[in-house]
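What follows is one structure encoded as structure tokens, with my remarks underneath.
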């Protein structure tokens, strides 16, 4: 994405990273069926080891209230993951009768252009690579968990077994082989587009700046080389842009919810933002420096 487009869609200049690559994702929420195929593909690939039982680098929650597992952040060490997690598979809609609504919100790490986790790390083990992907050096991480608390999207996890913080890596080993992330490849509805946001000719850049593209899946000119996917016509937005981290994951917001609710999730309307019904009461304990 050129500097001009960056300023237009991110709302501010990009003084730190110039015009180098910044990989990102576009997700069409309207076509998500909540099957969790992406979640399981990610978990089987990256978080199937000891201490990772409660880690979901890619998660699909049910808005407005869905979040799982409810007590995952409170787990000090690994535990058997089964039906005893009280919020597992819980879908909680909002409204009554014809006004009832809910939607599925797929969330990987945003790999922000201005990540809050990076300056929070006292050991400087968090960095952005040449592709704009935010990574944690497992050799340098000391497990202080300041990054866990700093991330406003709750997408960094602490592994009590290894004593390290871990997060989504956008499947960079697959990117180096010319493949897409597991969540993109496995998506049943093909609702995810992945690519370089800084490249004005990439499919994701064109789909972000021109919402009319992608609505005619049988037109060879639409889809921009990704004709196996369809993207709804609608303004592209970031999830909670008010955090100021400049996320690299974009969304086609749901069309079946009230406009004011869209602004709460994908705008700057912070007043009255929906709260989780079961917030974690105690802060995560962090080691002393």
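Points to keep in mind about this one:
- Selection status of residue 105, modelled with pLDDT of 95 or more, crowded, with 17+ Cβ neighbours inside 10 Å, in a strand (DSSP E or B) and touching a helix residue (DSSP H, G or I) at 6+ places or on another chain (Cβ under 9 Å): no
- Test result for residue 34, part of a loop (DSSP other than H, G, I, E, B) and at pLDDT 50 or above: yes
- Selected residue (only one of 17, 68 is assigned to a loop (DSSP other than H, G, I, E, B), farther than 20 Å from residue 163 by Cα and either out of contact with any strand residue (DSSP E or B) (no Cβ under 8 Å at 6 or more places or on another chain) or at pLDDT below 50 (or both)): 17
- Residue within the range 157-170 that is in contact (Cβ under 8 Å) with a residue 12 or more places away in the chain, farther than 24 Å from residue 39 by Cβ and over 16 Å from the mean Cα position of the chain (by Cα) present: yes
- Within the range 140-150, the set of residues being within 19 Å of the chain's Cα centre (by Cα) and surrounded by fewer than 20 Cβ atoms within 10 Å (Cβ to Cβ) comprises 149, 150.
For (1) closer than 19 Å to residue 105 by Cβ; (2) in contact (Cβ under 8 Å) with a residue 24 or more places away in the chain; (3) loosely packed, with under 15 Cβ neighbours inside 10 Å, each residue gets a yes or a no:
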| residue | (1), (2), (3) |
| --- | --- |
| 135 | no, yes, no |
| 138 | no, yes, yes |
| 155 | yes, yes, no |
| 173 | no, no, yes |
| 176 | no, no, yes |
| 183 | yes, yes, no |
| 194 | yes, yes, no |
| 206 | no, no, no |
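- Unmet requirement for residue 87, which otherwise passes all of (1) more than 17 Å from residue 251 (Cα to Cα); (2) modelled with pLDDT under 50; (3) exposed (fewer than 15 other Cβ atoms within 10 Å of the Cβ): (3)
- When residue 172 is tested against the conditions (1) in contact with a strand residue (DSSP E or B) (Cβ under 7 Å, 6 or more places away or on another chain); (2) modelled with pLDDT of 90 or more, the lone failure is (1).
- Inspection of the range 192-212 finds no residue satisfying the criterion of being at pLDDT below 70, part of a loop (DSSP other than H, G, I, E, B) and in contact with a helix residue (DSSP H, G or I) (Cβ under 8 Å, 6 or more places away or on another chain).
- Tally, over the range 124-148, of residues that are at pLDDT below 95 and out of contact with any strand residue (DSSP E or B) (no Cβ under 7 Å at 6 or more places or on another chain): 2
The values are calculated or read from the model by the stated rules, or taken from the named source; none is laboratory data. All of these numbers come straight from a predicted model, not from anything done at the bench. Because the Cβ atoms are built from the backbone with ideal geometry, glycine has one as well, and the counts that use them run over all protein chains shown.
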